[in-house]
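The values are calculated or read from the model by the stated rules, or taken from the named source; none is laboratory data. Note that the structure is a prediction, hence the values are computed from the model and not measured. Here the Cβ positions follow ideal geometry from the backbone for every residue, glycine too, while neighbour counts run over all protein chains shown. Side chains included, ligands, DNA and RNA excluded: accessible areas come from the protein's heavy atoms. Shrake-Rupley method; radii C 1.70, N 1.55, O 1.52, S 1.80 Å.
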Amino acid sequence: EPEVTQTPSHQVTQMGQEVILRCVPISNHLYFYWYRQILGQKVEFLVSFYNNEISEKSEIFDDQFSVERPDGSNFTLKIRSTKLEDSAMYFCASRDRGVEQYFGPGTRLTVT
Amino acid sequence: TQLLEQSPQFLSIQEGENLTVYCNSSSVFSSLQWYRQEPGEGPVLLVTVVTGGEVKKLKRLTFQFGDARKDSSLHITAAQTGDTGLYLCAEPPMIYNQGGKLIFGQGTELSVKP
């Protein structure tokens, strides 16, 4: 069964460093998402992406964040200069024209 | 922005017991989804409810949408250890436009002990 994959599963980085989180959505899907979940808190929407552009973003998604779909397969989230408070699980999701979003297993980002 | 309140936040029960968890809002839901999340994995969709008063069953899980579409419940009959996980409710947008973000509640952490 097709699934969303994410790499790495765990990323440790120092404050101020750039990180790129990678996702491979399900191949025929059209809409792509990033969410994050800080430990003990709710899953929060970051950004949605459709037709090669951002369609919606939250207040969290400031100019330190960017997304790209560089090759029609991968979908990446870049954080330019990480802060301690960026430590969280980051989930990628994708969907076709239906209502169900399919989530990846997540990347645990630890900023020290 | 819609705020979804889930209760209880934590629930620990013995195998074979029944349980109910709740999702509430002060505003009317357009529709509501329930997800289950296991450790180290992303949320997985269980069900979508759309119509007020709607009841859906998924094996031992029964989902109910309130008549006024401001609350929903998930009832598990004869819980099993495999039901352990985080149960999340989420509201999808009213119209699936180019965005389609989900707004999640904080979840109910269920632990079923043998």
Starting from residues that are at pLDDT below 95 and under 13 Å from A:TYR50 (Cα atoms), keep the ones in region A:12-31 and report whichever is nearest to the other protein chains (Cβ to nearest Cβ). A:TYR31
Can you tell me which of (1) open to solvent by 10 Å² or more (accessible area, probe 1.4 Å); (2) modelled with pLDDT of 95 or more; (3) over 14 Å from the mean Cα position of the chain (by Cα) is the one A:THR82 doesn't meet? (1)
For the structure I just gave you, tell me whether B:LEU45 is within 17 Å of A:VAL43 (Cβ to Cβ), open to solvent by 20 Å² or more (accessible area, probe 1.4 Å) and either part of a strand (DSSP E or B) or more than 14 Å from chain A (Cβ to nearest Cβ) (or both). yes
Of the residues that make up region B:49-65, is at least one without any contact (Cβ under 8 Å) to a residue 60 or more places away in the chain and within 27 Å of A:ARG36 (Cβ to Cβ)? yes
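When residues of region B:10-26 are filtered for being open to solvent by 20 Å² or more (accessible area, probe 1.4 Å) and assigned to a loop (DSSP other than H, G, I, E, B), how many remain?
The initial filter retains those residues of region B:10-26 that are open to solvent by 20 Å² or more (accessible area, probe 1.4 Å), namely B:10-12, B:14-18, B:20, B:22, B:24, B:26.
Cutting the leftovers down to assigned to a loop (DSSP other than H, G, I, E, B) gives us B:15-18, B:26.
Matching residues across region B:10-26 total 5.
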Taking B:PHE29 as the residue in question, decide whether it is buried (at least 18 other Cβ atoms within 10 Å of the Cβ), more than 27 Å from B:LYS113 (Cβ to Cβ), modelled with pLDDT of 95 or more and out of contact with any His (no Cβ under 8 Å at 6 or more places or on another chain). no
Filter region B:55-114 down to the residues that are surrounded by 15 or more Cβ atoms within 10 Å (Cβ to Cβ) and acidic (Asp, Glu), then identify the one that is nearest to A:PHE103 (Cα to Cα). B:GLU91
Looking only at region A:31-72, which residues are open to solvent by 60 Å² or more (accessible area, probe 1.4 Å) and either touching a residue at least 24 places away in the same chain (Cβ under 8 Å) or over 13 Å from the mean Cα position of the chain (by Cα) (or both)? A:LEU39, A:GLY40, A:GLN41, A:LYS42, A:ASN51, A:ASN52, A:GLU53, A:GLU59, A:ASP62, A:ASP63, A:PRO70, A:ASP71
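Please note which strands (runs of 3 or more DSSP E) are completely contained in region A:1-41 and include at least 2 residues that are closer than 15 Å to A:GLY98 by Cβ.
Here the list reads A:31-37.
Every residue, every condition in (1) closer than 27 Å to A:LYS57 by Cβ; (2) facing chain A (nearest Cβ under 10 Å), yes or no:
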{"residue": "B:SER31", "(1), (2)": "yes, yes"}
{"residue": "B:GLU54", "(1), (2)": "no, no"}
{"residue": "B:ASP67", "(1), (2)": "no, no"}
{"residue": "B:GLN80", "(1), (2)": "no, no"}
{"residue": "B:CYS89", "(1), (2)": "yes, no"}
{"residue": "B:PRO92", "(1), (2)": "yes, yes"}
{"residue": "B:LEU110", "(1), (2)": "no, no"}
Just checking, how many residues over region A:1-30 are open to solvent by less than 20 Å² (accessible area, probe 1.4 Å), over 25 Å from B:ALA90 (Cα atoms) and of a type in the set (A, V, I, L, M)? 1
Among the numbered criteria (1) within 14 Å of another protein chain (Cβ to nearest Cβ); (2) within 27 Å of B:ILE13 (Cβ to Cβ), which one does B:LEU74 miss? (1)
